[in-house]
Each structure stands twice: as structure tokens, then as C-alpha cells.
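What follows is one structure encoded as C-alpha cells, with my remarks underneath.
The values are calculated or read from the model by the stated rules, or taken from the named source; none is laboratory data. Keep in mind the model is a prediction, meaning the values are calculated, not measured. Every residue, glycine as well, gets a Cβ built from its backbone with ideal geometry; the counts of neighbours run over all protein chains shown. These accessible areas exclude ligands, DNA and RNA; they are computed on the full protein's heavy atoms, side chains included. Shrake-Rupley method; radii C 1.70, N 1.55, O 1.52, S 1.80 Å.
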Amino acid sequence: MQGNNHDDIRRHNLSVILRLVHRNGPTSRAQLTRLTGLNRSTIAALVGELAQLGLAGERDPDSTNQVGRPSPIVHVAAAVVALAVNPEIDAVTIGIVGLDGTVHRRIRYPTEHTPSPTEAVNIAAAVIDGMRGELEARFRVVGIGVAVPGLVRAHDGLVRLAPHLGWVDEPLTDMLEQATGFPVVAANDASLGALAERYFGAGKGITDLIYLNGGASGIGGGMIVGGLPVGGVAGYAGEFGHTRVSGSSRVDSAGITGTLEAEVSREELLAVLGLSGSGADADELERALLATESAEVQAEVHRQLDFLAVALGGAINILNPQLVVLGGFLGALFNADPERLRAAVGTWSLPSSFGSVRISAAELGSNLLMIGAAELAFEGILADPNGFGVSD
């Protein structure tokens, strides 16, 4: 625990404690002592300060047969929430997510056409306005996180390019901040999905993982390497959807031929299932894939899995991850025939790398991007809990 002076050290230690309890769930004071190396009295003082700030609390431990005085359990304040927004080509989804990871509400607002930035902001602002009574009565809102299916500039949240949405250089965060009055931060949806799965889903305890997300706007990805997210110099890293996997003339949203996004498509799965235009989410798509016995559907599933395997094999050879997580419709595709994908990836991977990697569907389901976007909004108070006093 380092800092330039006593205040810096205290601020840093508050951040460490809050992050641990936020990401690990309710944790005893004794465990926090072991995890941080701080003494018991310091832990008690830090937890007390977080409680005064309205960010944490304590409860008695469950009954055990342990000898000695039981250690109080520290938990984050469930009433502290972030708002999450995810614009897509066919809907805008808005959620309320607690600091404890609970998704209190998720509202998917379907659109008849791909929303413009102004339309997406207006929809999100209207839904949030409709929830203001509940928000003011039950919660303390830290801000809004936006999961964007495109390239988002890291330092100011400018949407440089969201090709499926048709957005170029759009100041989405500024627009949404003006419309709602809440601070807003934005990032690529798949990168946020990677963080959500790393901390709260299939990637718990994993330091090196690849996450690929498939949505209505195509395929993106995120990477955790050595325990840290990889964003690249401007935050655009992880665009696995534009990886070339075939010699076909199919074109993706960026105009590149033969890519993963060109060959592996949610719309083609919905079409072969007879669900085009249904607005089915990933969970509904998965149920439909698992229920069908159609040879045509199986052939399309196998075709897409084989191209997905090419992209995953290359990524595994380059990054040597412990885990590959597939979210959105890619998770549904994987669960339709997991053994086929594993076998196909094995043919495109070096044995040394493939032998140590596990492939999994995302565990957070349809809440994944809500949790990821909320994590983006929570980052400010996780980094500096003093910035969120009880008077906020």
C-alpha cells in the first residue's frame, strides 16, 4: 500500500477495500486483513469510513462452529446503483445495476429502425425519466455507463465509428449527460462484457481471457492479459469480428471480405429458425436452437461454428489465454454444439496453447452488458470512494 502522504495512502486503501468487497461479494474483516496485509484496527477504521460515505455496511456472520469471536461481514451498499445503456440496431436497453451486482431492472425498448444518436439518447432519457421516482426513493445513482457496439475513444467517450448503427464521430456521452443530468461514460460493448465476465461471471479468478460478443450489430471482443484489460492506444483493441476467416466475398460492416463478422451472423441464425424480425435476445435464440431438430438449422450452426473456430484458433495462438468466453448470440451458438466448436478450435490451435485453454459461454446472460456498462460508471467511486459522500 503506497502513497505520497497519509491522505493518499488512506484514499488508496479505501479504494482497495471497496473494490475487494464489490468484486468478491460479502467478505469478513478477517479475510480483508489477510488479503490486504493491513492490520485489524486499520481495516475496522476503513470499513467505518466506507459506511459513513454510504458505500458499505456490516452484518453479523452466519453461525459457525469456529472458536473465538466471529469476524463481521463487510458488504457494499445495495442502494448505490449505476444506470446502464446499450444502444443496438433494433433496440435501446436501459438498466439499473447495484454496486452489489444486482440487476434491479432491465428495460429493452424496441425500435422500428436503427436509432440515430439523438433518438437513442431521447429513448434512454425518457426511460430514465420514467424511473426517477423509483431512483429517488430507493437508490443513490453514481452515473450512467454506456455499452456501444463500435469504436469509442477512451479519453472522452466520442463514438468514432459504430458501423451497424451508422454513427461516426458522435459525442454520445455529452448528449446523454445533457439530456439526463447524470455523469456519463462510454466504452465498447464487448470490452465491457469482458470485464463483467472477468469479475462476476465465468472468468472469476482468471488473469488471461478472451471475450467475444455477438449482437445485432455484429461481433466484437475484449481481452484481459495478465489481469489487466487491453484497450490499445486509443481503446479500439479487440475487434475480433474483422478477423479474416475465409476467402469468400461476403462483406462485413467495415467493408472487409471473408471476416468472422461476415460469416457468423445472428440474423442468419434467426432466419433459418424462422425468427427474423422477432427481436429475440440471446436467451430466446438459445432456447430455439436447443429445441429444434431441423437439419437446415444444424447445418447453419455447424457452418458458423467452423468459421468461429478459425478466429478463436488464431487468437489462442497469439494470446495463449486460460479462458475463451462467448457472449450474446455466440454463446447460444456454442451451447448448440459445444463439442463441435472445441474439436474445430483444436485443429486451428497449437497443441501447447489449446491444451491449457477452456471455452465457455458467458454466465451473465442477457444482463452481461448491463453489468459491464455499470462497472464503467462505478469506476469513479471505486477509484476514489471519497468522491461519493453521503450528501451526494
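With all protein chains in place and a 1.4 Å probe, the accessible surface of segment 273-345 carries 49 percent carbon and sulfur.
With a cut-off of 15 Å, note down the residues of segment 142-169 whose backbone N falls inside the zone around a label point 7 Å from the Cα of residue 178 toward its beta carbon. Flagged as within label range: 158-159.
Annotation: extensible slack from residue 225 through residue 118 equals 34.9 nm (criterion: 0.36 nm per residue apart, minus Cα-Cα distance). Label-to-label distance for residue 207 and residue 386 is 3.1 nm, based on points extended 7 Å past Cα in the beta-carbon direction.
Residue order by solvent-accessible surface for 236, 199, 211, 109 is 109, 236, 199, 211, largest first, with ligands and nucleic acids left out and a 1.4 Å probe.
Think of it as helices only: each DSSP H run of n ≥ 4 in the chain is worth -39500 (n - 2.57), and spread over all residues that comes to -13000 deg cm²/dmol at 222 nm. Among the DSSP helices (H) of the chain, those spanning at least 15 angstrom by Cα along their long axis with an average Kyte-Doolittle hydropathy of 0.0 or more are 40-52, 117-130, 189-200, 295-319, 368-383; this is a geometric and hydropathy rule only. Working from label points 7 Å from Cα in the Cα-to-Cβ sense, the residue 137 to residue 294 distance is 4.5 nm. Over segment 157-314, what relative contact order in percent results from Cα pairs under 8 Å that are six or more residues apart? Across segment 157-314, relative contact order equals 14 percent. For the chain, the share of DSSP beta bridges that are antiparallel, to the nearest 5, is 65%.
Rolling a 1.4 Å probe over the protein heavy atoms of segment 56-132, with every protein chain left in place, gives an accessible area that is 47 percent carbon and sulfur. For the chain, the relative contact order works out to 17 percent when only alpha carbon pairs closer than 8 Å and six or more residues apart are counted.
The slack between residue 276 and residue 153, meaning 0.36 nm per residue of separation minus the straight C-alpha distance, is 41.0 nm. With 0.36 nm allotted per residue and the present C-alpha distance subtracted, the residue 339-residue 104 stretch has 81.1 nm of extension available. Near residue 235, once Lys and Arg are set to +1 and Asp and Glu to -1 for all other residues with Cβ below 13 Å from its Cβ, the sum equals -1. Computed with a 1.4 Å probe over protein heavy atoms only, the accessible surface of segment 317-392 comes to 41 Å² per residue. Take every pair of alpha-carbon atoms less than 8 Å apart whose residues are at least six positions apart; their mean separation over the length of segment 17-175 yields a relative contact order of 18 percent. Here the mean projected area of the convex hull built on the C-alpha positions of segment 12-136 is 10.3 nm². Roughly how far apart, in whole Å, are the Cα centres of segment 150-198 and segment 1-48? Rounded to whole Å, the Cα centres lie 32 Å apart. Okay, which of segment 201-231 sit inside 11 Å, backbone N to the point 7 Å along the Cα-Cβ direction of residue 20? None, by backbone N distance to the label point.
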